[in-house]
Amino acid sequence: MASTYPEQVKEAAAWSKGNPEQKGDDAVKAVQDKDWDPSVASLVAFPQALVMMGDKPDWVKQMGDAFLAEPDKVMDTVQGLRKKAKDAGNLENNDQQKVVVDSSSSQTVIVIEPSNPEVIYVPTYNPTVVYGTWWWPAYPPFYYPPPPGYGFGAAIVGGIGFGIGIAITNSIWGGFDWHHHDVNINVNRYNNININNRIDVNKTNVSWKHNESNRKGTRDADRANRPGKDQKLPGADQRQDYRGRDADREKAMKTLQDKGIDPAAERKQLSGSAGDKVRDQVGQADRQRDTDRGGRMGDRAVTDTRAGAQRDAARPATASRRDNALSGVNDGAKTRMSADRGARSNMSFGGGGRTGGARAGGGGRAGRGGRR
């Protein structure tokens, strides 16, 4: 449950690290003023578990995302791992835990319970040892060594070890129904410890429901699990008004069609080889006008070129290496020729209302970009 709130787990891990003397029910009572989900608050009872979760935030988020997206598959995998450990002889009864094989239904499940219901021992183990031959040898499971100072000792070398036992009365209020895949809450235990977030029902057990608001903005890997996924972001209506609504576009389209203008046909004429031909003709016309005008401007252009050459010779050598947005502004002939070319281009397209309109319309389409 707690892994579905990774940001709060991070906060709880930091709190536990700063309060190393706190554990068990007393620690959970000490964080009742926090805005954490009760499942996260219950973790501070077990500093050994929380320190490992705090050190691996990516793993916590991945586990929470997986559980939210496909809880049945996640819990079936847990059962598969328990079976592997038991078949390898590494999941047995001992002073810390009781292993129960439940075959009361069509699905056999392995249940792990504390030997003493009021004392919890947090286990740690090397998965490459406990599970025996791994399913995918090329991708071995990750091994997280036990954190120092929590009483695990050297027993981990043999495969599995347990930390110092922690006395618990009400902090363990959740459980899992392996036959129906429900996360259950013991209401009496829950209400005895979560004094500021009580469950007001006339039942002894209820099913756990994920509280999306406690994710604090963490996005789910599975988009389908995000409530309100179809809601618009703030300001979406204004952006839609700026871009133009569908009704406005349809009205503009009808106006053009009433005047005998078909934008689709115009675009089609300018596509493929036909469009290339039109563009070639426009280019040739531009080049011919440049040639004709260049002849009339020849004498002045030559004079400007000579003057420019003299100025270049007088400049320092480093000036010739400069290149910025204002380069060429002192070249009179070049500037006038660029201005003339721009004017002729505007004239050539200004006279053709349909072509100009079709091209201008393209800008509107580009406005719909930007989606990530």
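A few comments on the model shown:
Residues checked against (1) surrounded by 12 or more Cβ atoms within 10 Å (Cβ to Cβ); (2) out of contact with any His (no Cβ under 7 Å at 6 or more places or on another chain); (3) over 18 Å from Met52 (Cβ atoms):
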| residue | (1), (2), (3) |
| --- | --- |
| Ala85 | yes, yes, yes |
| Gln96 | yes, yes, no |
| Ser103 | no, yes, yes |
| Pro117 | no, yes, yes |
| Pro127 | yes, yes, no |
| Trp135 | no, yes, yes |
| Tyr144 | yes, yes, no |
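- Qualifying residue in segment 74-87 (condition: among the polar types (S, T, N, Q), in contact with a Pro (Cβ under 8 Å, 6 or more places away or on another chain) and in contact (Cβ under 8 Å) with a residue 60 or more places away in the chain): no
- For Lys10, the test of being closer than 24 Å to Pro145 by Cβ, assigned to a helix (DSSP H, G or I) and of a type in the set (Lys, Arg) is passed.
- Meets criteria (part of a helix (DSSP H, G or I), loosely packed, with under 14 Cβ neighbours inside 10 Å and touching a helix residue (DSSP H, G or I) at 6+ places or on another chain (Cβ under 9 Å)) for Lys61: no
- The lone criterion from (1) in a loop (DSSP other than H, G, I, E, B); (2) modelled with pLDDT of 95 or more left unmet by Asp35 is number (2).
- Cβ pairs under 7 Å, 6+ apart, first in segment 193-220 and in a helix (DSSP H, G or I), second surrounded by 10 or more Cβ atoms within 10 Å (Cβ to Cβ) and modelled with pLDDT under 85: Glu212/Pro227
- Residue match in segment 151-172 (condition: closer than 26 Å to Asp76 by Cα and either exposed (fewer than 14 other Cβ atoms within 10 Å of the Cβ) or under 34 Å from the mean Cα position of the chain (by Cα) (or both)): yes
- Residue tally, condition under 16 Å from Asn19 (Cα atoms) and assigned to a loop (DSSP other than H, G, I, E, B), over segment 38-58: 1
- Enumeration of residues in segment 84-112 that are under 22 Å from Gly151 (Cβ atoms) and out of contact with any Leu (no Cβ under 9 Å at 6 or more places or on another chain): Asn90, Leu91, Glu92, Asn93, Asn94, Asp95, Gln96, Lys98
The values are calculated or read from the model by the stated rules, or taken from the named source; none is laboratory data. Keep in mind the model is a prediction, meaning the values are calculated, not measured. With ideal geometry, Cβ positions are generated from the backbone for all residues, glycine too; neighbour counts draw on all protein chains shown.
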